[in-house]
Amino acid sequence: MAPFTIFKKKSSVPAENSDSVSIVSARADSRLSTYDKNQSYELSQMPNEHNYSGSISDPYADNVPLTSSNASQSYAYNPWNAQSNQQMPSDLPPPGFVPPSNRIPMNMATMDQQKKRRRIPWFTIAISVIQIIVFVSELIVMHKYTGSIIATKPTLNPMLGPSIYLLINMGARFTPCMHYIAGVTDVTTNSFPCPSSTTVATNICSLSELCGMGGVSEDPDQWWRFITAMFLHAGFIHIVANMLLQVQLGGSVERDIGFLKFAFVYLASGITGFLLGGNYAPDVVASTGASGALFGIIALSLLDLLFNWQLYAHPKRTLLSHVIEILIAFVLGLLPGVDNFAHFGGFVMGILLGFAVLRSPLKLRERTGQPVVNDYYPKPRTWKDRFGNLKIMFSGRHPAWYLWVILRIGMLVLAAVFVIVLIREFHNGGGHCSWCKYLSCLVRSFLLF
């Protein structure tokens, strides 16, 4: 318990009350104490009397303020803005303050967490709606061609959806439609299945008719299939699995990192995954789906888990859920219309970009004096606020902070180099891997030739 001081009041008080006493709290530290067991903030003692402008000997004076004189600066303090560094607010923890329990109260909804919960994941909603509309159009076209929305002839589509021939015609990643392949694209007498084929006898279409989308020449160049394939799905099982993961995990990640960062990682991971599959998957295997993009999002979430392990309420449970997601996706990648190379490529791109778009690891923030969470300090709202004074931004930092910035830039460069190498390799005929075919398609009956 804090010590107390007992003293007489001023002579201005009536004489009959001159012997009355007042109990006033003595000196106390006004900074926040540690988190209690219930994981909530508490003030250690009463405010310091030096914060008052009135006389400490008369606690009933009219000029005693209700709050300390610097309380108005509580949320204006920014350790990275030289103009607001005159004084550390007394009612805020210092930058880099970490509770002795080494964890943030996960059951206490901070202001920043409440804003994130209210933030609408517009990109996730938009991309999901587009993919569902495209899938419905696949079923409509399939019913128009064959009278059924699920391919059952000549073989059953295990994903319970349209035939792989129709998916190729609508924009799946299929390398014979995208670059030159000796003995395939240059032989005009080759016969391919038609989009409406239901028997082997109907395999009488040319490659240009199978590819559609304006047709192809002897040197095909339908490069846009790296993008359009993200919006197609091989069947009901495929799209339901992807939509569940995309809405739940994708929406959560988008709320955390924002629209632009999420869209950038999503699209870059999806395209990179199809680029890797176009190089190393068998030429006869077509690929569709947003799985590559979702693997990039899984990589982001997994990286954030490793960066901020202490901040998660149940980190082991979260890690186990990600492992299960990866295993299920790998099994689905063995079925027709899906490509495990797209999963792997998207995951690698997600890891590389995660270093660039995610917050620095918790241990690094503790070491460099950055706030553990963003709730204490205002965030820049404009590009001018964020990059208006680079000199202030990059001056006086901890050496580890500069190393992290260099690592971020290095990962961005590495991601760009990875994509450029895959593009050049694809235009040169693709990579060569004798055993890679076993990672891509388990059901060989769906191969075209």
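Numbers below:
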read-out: Three-way shape label, segment 188-230, alpha-carbon gyration tensor, a/c 1.5; value: oblate
read-out: Net length gained if the chain between Ser395 and Leu407 were fully extended (0.36 nm per residue, minus Cα distance); value: 2.5 nm
read-out: Exposure ranking of Asp221, Asp304 by accessible area [1.4 Å probe, largest first]; value: Asp221, Asp304
read-out: Inter-label distance, nm, simple model (7 Å from Cα along the C-beta direction), Leu319/Val417; value: 3.0 nm
read-out: Fully extended contour minus Cα-Cα distance, from Phe259 to His427, at 0.36 nm per residue; value: 57.2 nm
read-out: Ranking by accessible area, most exposed first, for Lys144, Lys261 with a 1.4 Å probe; value: Lys144, Lys261
read-out: In range of the label at Ser434: residues from segment 260-291 whose backbone nitrogen is under 20 Å from the point 7 Å along Cα→Cβ; value: 279-284
read-out: Simple spin-label estimate for Ile326 and Trp122 in nanometres, 7 Å along Cα-Cβ; value: 3.4 nm
read-out: Pairwise FRET efficiency - Val200 versus Ile132, Cβ, R0 = 51 Å, nearest 0.05; value: 0.95
read-out: Order of exposure, largest accessible area first, which applies to Arg118, Arg397, Arg173, Arg255 with probe 1.4 Å; value: Arg118, Arg255, Arg397, Arg173
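The values are calculated or read from the model by the stated rules, or taken from the named source; none is laboratory data. Quick caveat, the model's predicted, so the values are computed rather than measured. Virtual Cβ from ideal backbone geometry, glycine too; neighbours counted across all protein chains shown. Accessible surface is based on the protein model in full, side chains and every heavy atom, while ligands, DNA and RNA are left aside. Shrake-Rupley method; radii C 1.70, N 1.55, O 1.52, S 1.80 Å.
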